[in-house]
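The structure appears right after this line, and notes come after that.
Read-outs throughout are calculated quantities, based only on the coordinates presented, and are distinct from any laboratory measurement. Since this is a predicted model, take the numbers as computed values, not measurements. With ideal geometry, Cβ positions are generated from the backbone for all residues, glycine too; neighbour counts draw on all protein chains shown.
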């Protein structure tokens, strides 16, 4: 009996030690070889709050991309380098965790003023910081999913800072988008004979049409409206834990930040959809949409695209992808980026 108690005690101590190590294990981003390369993961104060920034590229003289992640509250740093390895050959790629998201969530910071407007101001300040640090007059701005809500407003407010705006999984009229997501999920559930799912989703129709709620994303994911060619990368706690960029404390911060950001910021998306905020851009504008995207409906995005006034605009469909065309068809995305932004 004594031996069993001793063993349990030992196991308990080992578990506590392992948890402490996992919580505070140093984080880094893998090194990129080359005299003029950059691969850094660091906290920088931007607009009064500490932001986690990852900068990666083979040559600092290459054009610079700032990626604005989605969610709200779903940073892409833990898996970004897995999908942007090709881009790093010809671009310097900047990912950052937005205020109150991921490694930029700080437990004792006051986030009572969190809003999309504040995130837009953060992005503009981030752009100034990156442009100065990397010696660029302009950078390429890419928003993904909710990041398009932030990115597009930044591009509208300060077009002079950006070479172009690229919206991937572009947000549009929220109610129209949610109706498309709902109808898709119901149709797929019917095809699969999942009567319970059909009845539950049909019960949400009135609320969604009134702009009171969103189609539950777990159903959109279940029926292939999120990702087709890869596993859905967002919110995978185990994968995050095994990435070099996040430790256990960061995963905990990710989940706290996600819950808080969604509670505060999603209301704004229902109340103030993008077509009521931006219909004109004074810079080249590109929408890249996966054909099977029902997180941000390709059909609704096309209608919004047709409304936008811009000197140059282009709508690009990725035929095999859903909500992550830049990852699902990364070779095609890389080729498009090079064709569009690298001088020939």
Exercise for the section: For each of 309, 88, count neighbouring Cβ atoms within 10 Å of the residue's Cβ, then give the residues from fewest to most. Expected result: 309, 88
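To the nearest 500 deg cm²/dmol, what mean residue ellipticity at 222 nm is calculated for the chain from DSSP H runs of n ≥ 4 alone, each contributing -39,500 (n - 2.57), summed and divided by the residues?
Working: 14 runs with 157 residues, N = 344.
That comes out to -14000 deg cm²/dmol.
Quote the relative contact order of the stretch 24-341 in percent (integer), defining contacts as alpha-carbon pairs under 8 Å separated by 6+ residues. Before the final figure, lay out each step's value.
Numbers: 651 pairs, mean separation 67.2, N = 318.
Value for the stretch 24-341: 21 percent.
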Handout entry: Most mobile listed residue (193, 12, 169) in the chain, GNM with C-alpha springs under 10 Å
Key = 12
Handout entry: Residue of 155, 164, 259 that the Gaussian network model of the chain assigns the largest fluctuation, springs spanning Cα pairs under 10 Å
Key = 259
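Round to the nearest 0.05 the FRET efficiency obtained for residue 199 and residue 35 when R0 = 51 Å and r is the Cβ-Cβ distance.
0.25
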Problem - Sequence of 220, 68, 269 once ranked by neighbouring C-beta atoms within 10 Å, starting from the fewest - result: 269, 220, 68
Practice task
Using the number of other C-beta atoms within 10 angstrom as an exposure proxy, rank 86, 118 with the fewest first.
Solution key: 86, 118
